[in-house]
Amino acid sequence: MKKGGRTGKKGKIFLAFLFCFPFFVLLAASLLAFFGCLLAGVIVVLSTLVLAFVFRIALKDKSPWKARSRATDCAILIFCAFAFLGSYLLLRF
């Protein structure tokens with residue numbers, strides 16, 4: 001029996017979808033911000049970062065966004081979320 005998670009064709013398609021998903025969401029967020037819904041765009045970006053954090057932890061070493069160790073990747077995602085939210089709050093108020 002093979003060890004590991006998704007190794008079939010459906011698993012590869014799912015991981016490819018997960019890899020491309022943040023790009024489409026960030027495109028939607030930038031369109032929202034361009035058309036004046038800045039808060040909605042910020043919420044979309046923050047939710048994307050949180051989802052990437054959850055998937056990075058859940059998928060472990062099968063994650064399509066694996067760059068370093070899980071702890072380092074998650075710390076970077078948390079830092080990016082707080083930095084993005086902080087910059088929005090600084091610009092807004």
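Residues of the stretch 17-32 that are open to solvent by less than 90 Å² (accessible area, probe 1.4 Å) and either closer than 13 Å to LEU59 by Cα or over 18 Å from the mean Cα position of the chain (by Cα) (or both): LEU18 alone.
For the stretch 34-76, the tally of residues that are modelled with pLDDT under 90, surrounded by 13 or more Cβ atoms within 10 Å (Cβ to Cβ) and of a type in the set (Gly, Ala, Ser) stands at 2.
The values are calculated or read from the model by the stated rules, or taken from the named source; none is laboratory data. Owing to the predicted nature of the structure, the values given are computational and were not obtained by experimental measurement. Don't worry about glycine lacking a Cβ; one is built from the backbone with ideal geometry, like all the others, and counts go over all protein chains shown. Ligands, DNA and RNA are excluded from the accessible area calculation, which covers all protein heavy atoms including side chains. Shrake-Rupley method; radii C 1.70, N 1.55, O 1.52, S 1.80 Å.
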